[in-house]
Amino acid sequence: MAPSSASTSAPASKSSYDVDLFVIGAGSGGVRAARIAASYGARVMIAEEFRVGGTCVIRGCVPKKLLVYASRFSHEFEDAAGFGWTVPQEPTFSWPTLIANKDREIDRLEAAYVATLERWKVKIVRSRAVIEDAHTIRLANGDKVTAGTILIATGGWPHMGPNIPGLEHAISSNEALHLPELPKRIVVQGGGYIAVEFACIFAGMGSEVTLVYRGENILRGFDDDIREHLRNEMQTRGINVLCGHTVDAIDRAGDEYVTHLSDGRKIASDKVMFAIGRRPNCMGIGIENLGIRCHEHGGIEVDEYSRTSVPNVYAVGDVTNRVNLTPVAIREGHAFADTVYGGKPTRVDHADVPTAVFSEPELGVIGLTETQARAQLDKLDVYKTTFRPMKATLSGRATRVFMKLLVDGTTNRVVGCHIAGPDAGELIQLIGIAVKMGATKADFDATMAVHPTMAEELVTMREKAASYSRQSGDQAAE
């Protein structure tokens, strides 16, 4: 059911409130919502207590990806010898130079975000904002602003877990981006995107890395085959992956830290990083004053139009804990503005969202995992392959690519794609279009291969690795 007509146009008259829209949080979702709402003629104010750009631009996707690029050069220098290149001197790496250059790029991006908002006449308030009632926001200096509609876009924040002894010694991904020097040894607790990516970043730069995760394998929620493949590749690259363990305590001895694991083991390191997940950043912004409902997982509860339990208060992005990815927050922010100010009620489709893990090797995935597909489909056909990439034949690097397609055996539609290998993130963006359009395995097969490429395997896999049928007792054929 679409929102009422009162919710699909600019609220009330221009004189009823100080602004038509007040946005709390100038991250990706909030900035997009503010800009699009302003383009429809709404008077918009946006509050940000830290820096414009939010998690992605300031302390997430963008700076992390720059560090990922930096970490991969060590492999490139090593691989070059197999192709006839000789580097006269041993390459050296300067962590301070990388961080300084990264900071300059973040400054540039923040300035671009600010310029965009100013161009659309969005007023930026550098302040914490707290909701007092359905139409009133209080700023840090005590000033109050009234608004026809309020949008909460405050994102997420690192969760540091239970208060174990010595937890104050651990850093999060926020601090990892601003370390004064590269740690020679680091212990990372966690097994999700952030933990895995930073483990690979530090290892690529020469750090001795131990990854500690409480589950049976890293990347819970991903396809089991790709989880196992990445874990093996990480261990081949020298990362010590310890699953089924937790950090119980951290001691400091001078400049060194001693991490106590749940099995009694002790690991000495220069830094300890916790990356065990992020939580919706909805504390202290006044949602309790309105009785806004939250899910049991902590995110603000919203309907399909991102509206909360209070009709004129909306929420988008990680604070809702739906699909916590930057492009999703941007899409939700845009849809909100179209719905409320553009007269175009717009739902966001959260199904079949492609995503990448910038580990080493990189992962790209979309759609169902094999476990999900077997539970949901009457018939499932599985195609998968693993091979040595062409570049590794001369470089001698011990690495393999993994690819997997999951196909609905009844409709022949491709319902899942899982890739581990160079540029997997770029590949899954393009494969995502085909999957979203409902492409079948026959469509993949009919597409001519581009040779020699890694991606050609996606259209040349013909032999089924397994088939499952619920009617026949889930029989598998390998």
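Every number here is computed from the coordinates shown, using simple stated rules; none is lab data. No experiment lies behind these values; they were computed from the predicted model shown. Methodologically, a virtual Cβ is constructed for each residue, glycine included, from the backbone with ideal geometry; neighbour enumeration extends over all protein chains shown.
Semi-axes, largest first, in whole Å: what does sqrt of 5 times each Cα gyration tensor eigenvalue give for segment 332-457? Before the final figure, lay out each step's value.
Working: eigenvalues 183, 78, 36 Å².
They are 30, 20, 13 Å, listed from largest to smallest.
Could you tell me which residue out of 218, 192, 206 lies farthest along the dipole of segment 179-229 toward its positive end? Charges go on the beta carbon: Lys and Arg +1, Asp and Glu -1, centred on the Cα centre.
Checked the options; the winner is 206.
Give me the net charge of residue 291's neighbourhood, meaning all other residues with Cβ under 15 Å from the Cβ of residue 291; Lys, Arg count +1, Asp, Glu -1.
Every neighbour counted, the sum reads -2.
Could you work out the local net charge near residue 170, counting Lys and Arg as +1, Asp and Glu as -1, over the other residues with Cβ closer than 13 Å to its Cβ?
With Lys, Arg at +1 and Asp, Glu at -1, the neighbours total -3.
May I have the extent of the alpha carbons of the chain along their three principal axes, as whole Å values ordered from largest to smallest?
70, 63, 44
Taking the highest mean first, how do the peptides 430-441, 224-235 order by number of other beta carbon atoms within 10 angstrom per residue?
In decreasing order of mean packing, 430-441, 224-235 become 224-235, 430-441.
If you take every DSSP beta bridge fully contained in segment 167-276, what fraction is antiparallel? Give it as a percent rounded to 5. Show your work: numbers first, answer last.
Numbers: 10 of 24 bridges.
About 40 percent, rounded to the nearest 5.
Given +1 on the Cβ of Lys and Arg, -1 on the Cβ of Asp and Glu, and no further charges, what dipole in debye does segment 55-143 carry about its Cα centre, rounded to the nearest 20?
The calculation lands at about 420 debye.
With +1 assigned to the C-beta of every Lys and Arg and -1 to the C-beta of every Asp and Glu, and no other charges, what is the dipole magnitude of the chain about the Cα centre in debye, to the nearest 20?
840
Using the Cα centre of the chain as origin and beta-carbon charges of +1 (Lys, Arg) and -1 (Asp, Glu), tell me which of 245, 96, 27 is placed farthest towards the positive end of the dipole.
27
Report, to the nearest 10°, how far helix 95-119 tilts away from the longest principal axis of the Cα atoms in the chain, using its own Cα long axis and a range of 0 to 90°.
Once rounded, the angle reads 40 degrees.
So what's the angle, to the nearest 10 degrees on a 0 to 90 scale, between helix 28-39 and the longest Cα principal axis of the chain?
Helix 28-39 sits at roughly 40 degrees to that axis.
How much net charge surrounds residue 141 when only other residues with a Cβ under 14 Å from its Cβ are counted (Lys, Arg +1; Asp, Glu -1)?
The answer is +2.
When you count, for each residue, the other Cβ atoms within 10 Å and take the mean per peptide, how do 448-460, 398-410, 194-206, 304-316 rank with the highest first?
194-206, 304-316, 398-410, 448-460
To the nearest 10 degrees, how steep is helix 193-204 against the longest Cα principal axis of the chain, on a 0 to 90 scale?
Computed tilt is about 50 degrees.
Cross-link candidates for residue 379: which lysines have Cα within less than 25 Å, leaving aside residues fewer than 8 places away along the same chain?
In chain and number order, the partners are 404, 436, 441, 464.
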